[in-house]
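Trainee: One structure, pasted below without further comment.
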Amino acid sequence: MTFRSGFISFVGRPNVGKSTLTNALVGEKIAITSAKPQTTRRAIRGMVNLEGGQIVVVDTPGLHRPRTLLGERLNDLVAKTLSGVDVIGFCVPANEKLGPGDAFISEQLNDFRRAKLIAVVTKTELVSRDQLAAKLQEVGQMRDWAAIVPVSAVAGHQLDDLTGVILGLFPESAAMYPTDTVTDESIESRICELIRESALEGVHDELPHSLAVTIDEMNEREDGSMVDIHANVWVERDSQKGIIIGKGGSRLREVGAVSRKEIEKLIGKKVFLGLRVKVAKEWQRDPKQLGKLGF
C-alpha cells in the first residue's frame, strides 16, 4: 500500500472550530479551545496516524489584522507555517454567514501557492440538510477548491472522509514522526495551555489577549504520589489581576480546580497546583516581556 504523509493547517475566523477539529482528528486534546479570539498562540503539531499514512495537523493562531506586537508575531508565525504545509483547510461554520473576515482570509491564501486548498464546512450538526447544501454551494463559489468536505468534530461525522481527502493530496512519503506520537508539544507547554484555557472561561473581552501562563517549578514527590506544579498567570494591569483572583480568591481557586483535573488526566498522576497572578505591564507590546513569556 502506498504510504503518504504531510502537513495540513486549518485556517479561519475565530471560533470556527479549528482547534476542536484538530483534537478530534488526533483523538486527544492537544490544543485548547475557547470562544475567545486568538486562543491559539503557537504552532501546535498533532499527528493522525492511519494505515495508509500520517497526517501532521499544525494548529496555528488565526489570521487577523494585528493591533499589537504580539499580534504581528502571531501573524508572522502563521505565514511561516502556512508557507511550509502541503494542504490548507479553510474552515467555515455551517451555521454562520460568510462575511468580510472569511473574504479577508481567503484573499490571504493566495500568498501560499505551495499548498493545495480545501474547504472544510464545520459544525454541520447545527444545521439541516437543506441549510448544509446551501452552505456547500456558497463556499464552492468562493474559489476553485481541491475539495469541499462537511464535518462535525463534536459528533464525529465525516472525519474519515476528511482524512481520506487530505491523505490523497499528500505526497508519497515515510512518516514525519514516530507513529506512536500524538504531538511534539512538551508536557510543560501543554500544562500552561490548560491553565490558560481555564482562566479564559468567563472573563470579559479585553482579558483573553492579556493572559499568559508560565511554570516556575514542576517536580514529582519522592514517594511518587503527586506532582507539585507552581505556575504564574500573567496579566497586563493591576485591575486585571483582581479580576483573575476574584473576590476572596474565589475565581483563582476555580481556575486551579478546573485546570488541575485536566492536568491530572494528561500526566496520569495527582497534582498539587499552586497559582500566582502577576502583572507584566503592556507585555503584548514590549519585545523584552514577549521574549520572557515565550513569544
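Trainee: How much mean residue ellipticity at 222 nm does the chain get from its helices, if each DSSP H run of length 4 or more adds -39500 (n - 2.57) and you divide by all residues, to the nearest 500 deg cm²/dmol? Mind dumping the intermediate values first?
Mentor: Working: 10 runs with 107 residues, N = 295.
Calculated mean residue ellipticity at 222 nm is -11000 deg cm²/dmol.
Trainee: If you take Rg and Dmax of the Cα atoms in Å from the coordinates, which of (i) 17.6, 51; (ii) 19.9, 62; (iii) 21.6, 72 do you get?
Mentor: Label (ii) holds the value from this structure.
Trainee: Additional query: Setting aside same-chain residues fewer than 8 positions from residue 116, which lysines have a Cα under 26 Å from its Cα?
Mentor: Output for residue 116: 18, 80, 97, 135.
Trainee: Moving on to the next point. Please report the spacing between the Cα centers of the stretch 144-178 and the stretch 228-295 in Å, no decimals.
Mentor: Cα centroid of the stretch 144-178 versus Cα centroid of the stretch 228-295: 36 Å apart.
Trainee: Which of rounded, prolate or oblate describes the stretch 4-169 when judged by the alpha-carbon gyration tensor and an a/c cut-off of 1.5? Could the numbers behind the result be given before it?
Mentor: On the way: a/c = 1.32, a/b = 1.10, b/c = 1.21.
Here the stretch 4-169 falls in the rounded category.
Trainee: Can you list the lysines whose alpha carbon is less than 16 Å from that of residue 270, not counting same-chain residues fewer than 8 positions off?
Mentor: Within the straight-line cut-off, residue 270 pairs with 261.
Trainee: Under a straight-distance cross-link criterion of Cα-Cα below 24 Å, which lysines are reachable from residue 281, leaving out those fewer than 8 residues away in the same chain?
Mentor: Straight-distance partners of residue 281: 36, 241, 247, 292.
Trainee: Please find, in a Gaussian network model of the chain (springs between Cα atoms separated by less than 10 Å), the residue of 129, 190, 260 whose mean-square fluctuation is greatest.
Mentor: Between 129, 190, 260, it is 129 that shows the largest mean-square fluctuation.
Trainee: Let me ask something additional. Give the calculated FRET efficiency between residue 76 and residue 223 to the nearest 0.05, with a Förster radius of 35 Å applied to their Cβ-Cβ distance.
Mentor: E between residue 76 and residue 223, to the nearest 0.05, is 0.15.
Trainee: Of 240, 273, 7, which is farthest on the positive side of the dipole of the chain, counting Cα position, with +1 on Lys and Arg Cβ, -1 on Asp and Glu Cβ, and the Cα centre as origin?
Mentor: Going by the Cα projections, it comes out as 240.
Trainee: Quick one: which of 284-291, 89-96 comes out on top by average Cβ neighbours within 10 Å, and what's the full order, highest first?
Mentor: Values: 284-291: 14.4, 89-96: 21.4.
Put in order of decreasing packing, that is 89-96, 284-291.
Taken together, the values in this text are just the output of simple stated rules run on the coordinates, not laboratory data. This structure is a prediction, so every number in the text was calculated from the model and none was measured. Glycine also receives a Cβ, built like all others from the backbone with ideal geometry; neighbour counts cover every protein chain displayed.
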